[in-house]
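Worksheet: one structure, shown below.
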Amino acid sequence: MSVVIGRGEVCVVKLQVALDVVDLPAALRLAHQVAEHVDILELGTPLVKSVGIGAVSAIKAAHPDKLVFADLKTADAGELEAAMAFEAGADLVTVMGAADDDTVRGAVAAGRKYGKEVVADMITVVEDRVARIREVAKLGVAFVEIHAGLDEQARPGYTIDTLLEDGRQAGVPFSIAGGIKTDTIAAVRDAGATVAVAGGAIYNAPNPTTAAQQLKKHAA
Ligand SMILES: O=C([C@H](O)CO)[C@H](O)[C@H](O)COP(=O)(O)O
């Protein structure tokens, strides 16, 4: 499957589900429940750490028609780690936007070798985030993920507004991750995001299938 995200002509925001569970049966079950309503299946960082890179192969084997996103959040050895994910069947892999430029370049080199794409996760970049987004975009990533992690989201007063403003300012293809729900996904679309990432809004819902369906509906 060719990966044309970020540099393609994407008019509608794609929906990416973050499978933030920590065992493979739960991940396969969740993927099965939501696949029909999402564009991208993300193996969350805790899942890959818990199960190993083989989880990528298992999800891809179960859903060969979906883009599979390995959220490795690589901080070093970019080429090696990205190659591991692509070899296992990932279509997209994350490298930390805060990492050394050569780490990002290494991951991008692996992407070129496998015909797959790299996403720079901007989690932890809070100072001059727009400037760093523009720098990493020039290193060859498909798009940047403007991201507030679960710990940041847990702080009082958190909203996704700053993420959206940075996306609007950056002028490069971007996704948004940071607790997106049905009442915020339209704003993500309107800010110009290529991809909206939703984890908790789906896996914590009483009915993940309905939750994914509703997110897709509100994003349209
Ligand atoms: O990447 C993520 C986080 O760092 C935990 O691994 C999440 O998948 C991402 O934040 C999306 O999940 P929600 O914020 O719960 O929507």
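Some points to look at:
- Remark: pairs (first residue in region 153-176, closer than 16 Å to VAL119 by Cα; second residue among the aromatic types (Phe, Trp, Tyr) and open to solvent by less than 80 Å² (accessible area, probe 1.4 Å); Cβ separation under 8 Å; 6+ apart in sequence or on different chains) = GLY167/PHE174; VAL172/PHE143; PRO173/PHE143; PHE174/PHE143; SER175/PHE143.
- Filtered by the rule that a residue be away from the ligand (no atom under 16 Å from the Cβ), surrounded by fewer than 18 Cβ atoms within 10 Å (Cβ to Cβ) and among the small types (Gly, Ala, Ser), region 134-156 gives a lone residue, GLY140.
- Test: residue in region 33-40 that is over 23 Å from PHE143 (Cα atoms) and of a type in the set (Asp, Glu): yes
- Number of the exception - ALA131 against (1) aliphatic (A, V, I, L, M); (2) more than 16 Å from the ligand (Cβ to nearest atom); (3) more than 17 Å from the chain's Cα centre (by Cα); (4) under 30 Å from ILE53 (Cβ atoms): (4)
- The one condition from (1) part of a helix (DSSP H, G or I); (2) closer than 20 Å to SER175 by Cβ that PHE69 does not meet is (1).
- Across region 59-78, the qualifying residues are those that are surrounded by fewer than 24 Cβ atoms within 10 Å (Cβ to Cβ) and charged (D, E, K, R), and the one among them that is nearest to LYS14 (Cα to Cα) is LYS66.
- Once region 190-217 is narrowed to residues that are in a helix (DSSP H, G or I) and surrounded by fewer than 18 Cβ atoms within 10 Å (Cβ to Cβ), the residue that is nearest to the ligand (Cβ to nearest atom) is GLY200.
- Residues (within 17 Å of the chain's Cα centre (by Cα), assigned to a loop (DSSP other than H, G, I, E, B) and either of a type in the set (Asp, Glu) or over 10 Å from ALA191 (Cβ atoms) (or both)) located in region 152-173: VAL172, PRO173
- Evaluating ARG134 against the criteria (1) part of a helix (DSSP H, G or I); (2) closer than 18 Å to VAL195 by Cα; (3) touching a strand residue (DSSP E or B) at 6+ places or on another chain (Cβ under 7 Å) leaves one unmet condition, (3).
- Condition check for SER50: out of contact with any helix residue (DSSP H, G or I) (no Cβ under 6 Å at 6 or more places or on another chain), polar (S, T, N, Q) and either part of a helix (DSSP H, G or I) or away from the ligand (no atom under 16 Å from the Cβ) (or both): yes
- Residues in region 81-128 that are at pLDDT below 95 and within 16 Å of the ligand (Cβ to nearest atom) were compared, and the one that is surrounded by the most Cβ atoms within 10 Å (Cβ to Cβ) is VAL125.
The values are calculated or read from the model by the stated rules, or taken from the named source; none is laboratory data. Not measured: the values here are computed from a predicted model. Positions of Cβ are backbone-derived with ideal geometry, glycine not excepted, and every protein chain shown enters the neighbour counts. Remember, those area values only see protein heavy atoms, side chains included, never the ligands or the DNA or RNA. Shrake-Rupley method; radii C 1.70, N 1.55, O 1.52, S 1.80 Å.
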